[in-house]
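Q: There's a structure below that I have some questions on.
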Amino acid sequence: MIDLRSDTVTRPSRAMLDAMMAAPTGDEQRGDDPTVNRLCAMMAERLNKEAAMFLPSGTMANSIAMLIHCSAGDEIIVAEDSHISYSEGGGASALVGAQLAQLPHSRGEIALDTIGDAIRPDRPQTVRSRLLLLEQTSNRAGGYILKPDYVQRSASLVRDRGLAVHMDGARLFNAEVGSAIAASTYASAADTVYVDLSKGLGCPFGAILAGPGDMLELGWRYKMRLGGGMRQAGIMAAAGIHALENNVSRLRQDHDNARALATGINAHTRLTIDVADVETNIVLADCRETGLTSRELCDTLARHGVRANPNGKDTIRLVTHLDFRSDDIDSVVESISRCADRSQ
Ligand SMILES: *Cc1c(COP(=O)(O)O)cnc(C)c1O
């Protein structure tokens, strides 16, 4: 089975497991775990932020960031279909009491005018606009890299109007590798930034939230409240250190594989992809010409040894990762071609 449903499906390598087994540990909630502390220091440095915090998941990182920046009744500006609006169980409303202004976007970027118009006037009867959320890279939109200029300009636009900025950088290192622009450059526009360890970096667990010391201090209270305080979490943090040291620059391979896969699918199957749109490790393929819905196509593909996910009714989503080898590209293309051609 070749699994392209997400870059979360990777298993820890032998070397990563060895690093985990060898990790010195302590009580994380008390600040006593040396491996967690080391991972947080490495990440803070890499993202050029004052402090960083180790968390079980990206969803918790985003929830804590929203809690840091917003109060009940506030509004968060976000691209429609972003992870926060689509895939986090309604945390913004359920946990924060904030509402989402979900705005149309192109390749993950909301037009600056649209952002400006969405910021509410400061009147007693209006909801208070409080936070801009930037998803780097854009997930459901197709792995696009928010351009550095856009990141800076959108952030300064909202900051001038008193809003804060949080970067959902689940795949920030894919943006770094894909654009040859440092993660810290993107992160510099945001107050807080989260990076996932369990996506392209290949860890079994974990996320990092980074930002100014005072914000993270507040964040610790929310981390504890949400049940994110851990004990000997160094075992997990060691995987993160191993990933930072070994699995960042190799993301290039995932991007090359995604592009080669897209080129093959586009040339040899009835699915259509604009190959130039493949900027990182996510491929969105339009399946309308197959006469199958995305769900039907994915079900059929699974019987031919390839797992993919629907992304809306007309599109399937294929995500390359550490455990996907370039040798498998041809057989994926062949399976898709067999499934997508009803005349056979
Ligand atoms: C995966 C993901 C998250 C959440 O991460 P989990 O670790 O799965 O909770 C948040 N944002 C984006 C863009 C993601 O892709």
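Q: Using the Cα centre of the chain as origin and beta-carbon charges of +1 (Lys, Arg) and -1 (Asp, Glu), tell me which of Leu133, Ser331, Ile282 is placed farthest towards the positive end of the dipole.
A: Leu133
Q: Sticking with this one: Full extension from Met21 to Ala302: what is 0.36 nm times the residue separation minus their Cα-Cα distance, to one decimal in nm?
A: 97.7 nm
Q: For the chain, what does the accessible surface come to per residue with a 1.4 Å probe? Please give it in Å².
A: I get 42 Å² per residue for this part.
Q: Using the beta-carbon distance between Trp220 and Glu45 and R0 = 22 Å, what value does 1/(1 + (r/R0)^6) give for FRET efficiency, to the nearest 0.05?
A: It comes to 0.65.
Q: Next question. Using only the heavy atoms of the protein chains and a 1.4 Å probe, how would Ser249, Ser6, Ser87 rank by accessible area, largest first?
A: Ser249, Ser87, Ser6
Q: While we're here: Counting only protein chains, not ligands or nucleic acids, how are Asp214, Asp323, Asp286 ordered by accessible area (probe 1.4 Å), most first?
A: Output order, biggest surface exposure first: Asp214, Asp323, Asp286.
Q: Give me P(r) over segment 185-255, computed from all C-alpha to C-alpha distances, binned every 5 Å, as integer percentages.
A: Bins of 5 Å from zero give 3, 14, 19, 22, 22, 13, 5, 2 percent of pairs.
Q: Kirkwood hydrodynamic radius of segment 245-313 from all distinct Cα pairs, in Å?
A: Taking every pair of different Cα atoms in segment 245-313, averaging 1/r and inverting gives 13.0 Å.
Q: Could you tell me which helices of the chain pass both thresholds, a Cα extent of 27 Å or more along their own axis and a mean Kyte-Doolittle hydropathy of at least 0.0, with helices taken as whole DSSP H runs?
A: none
Q: Then there's this: Apply the Karplus curve 6.51 cos²θ - 1.76 cosθ + 1.60, θ = phi - 60°, to the phi angles in segment 284-291 and return the couplings in whole Hz, x for Gly and Pro.
A: After applying 6.51 cos²θ - 1.76 cosθ + 1.60, I find 9, 10, 7, 10, 4, 6, 7, x Hz.
Q: Same structure again: With no solvent and one point on each alpha carbon, what is the Debye value of log10 I(q)/I(0) for segment 126-205 at q = 0.13, 0.19 Å⁻¹?
A: -0.39, -0.77
Q: What does the accessible area of Leu197 come to, in Å² to the nearest 10, when a probe of 1.4 Å is used?
A: Solvent-accessible area, nearest 10 Å²: 0 Å².
Q: GNM, the chain, Cα, under 10 Å: largest mean-square fluctuation among Leu318, Leu218, Leu261?
A: Leu218
Q: Continuing with the same structure: Charges only on Cβ, +1 for Lys and Arg, -1 for Asp and Glu: so what's the dipole of the chain about the Cα centre, in debye to the nearest 20?
A: Approximately 420 debye in magnitude.
Q: Rule-of-thumb check for the chain: C-alpha Rg over 2.2 N^0.38 Å?
A: 1.01
Q: With n ≥ 4 as the cut-off for DSSP H runs, can you work out [θ] at 222 nm for the chain, using -39500 (n - 2.57) per run divided by the number of residues, rounded to the nearest 500?
A: -12000 deg cm²/dmol, from helical runs alone.
Q: What do you get when you divide the Cα radius of gyration of segment 61-151 by 2.2 N^0.38 Å, with N the number of residues?
A: It is 1.05.
Q: For Asn309, list long-range residues whose amide hydrogen, built 1.01 Å from N in the peptide plane, is under 5 Å from its own amide hydrogen.
A: Arg317
Q: Computed over the Cα atoms of segment 8-130, what is the ratio Rg over Rh, Rh following Kirkwood?
A: Across segment 8-130, the Cα-based Rg/Rh ratio is 1.08.
The values are calculated or read from the model by the stated rules, or taken from the named source; none is laboratory data. What you see is a predicted model, and the numbers here were worked out from it, not measured in a lab. All Cβ positions, glycine included, derive from the backbone under ideal geometry; neighbour counts span all protein chains shown. For the accessible areas, the whole protein counts, side chains as well, though only heavy atoms, and no ligand, DNA or RNA atoms are used. Shrake-Rupley method; radii C 1.70, N 1.55, O 1.52, S 1.80 Å.
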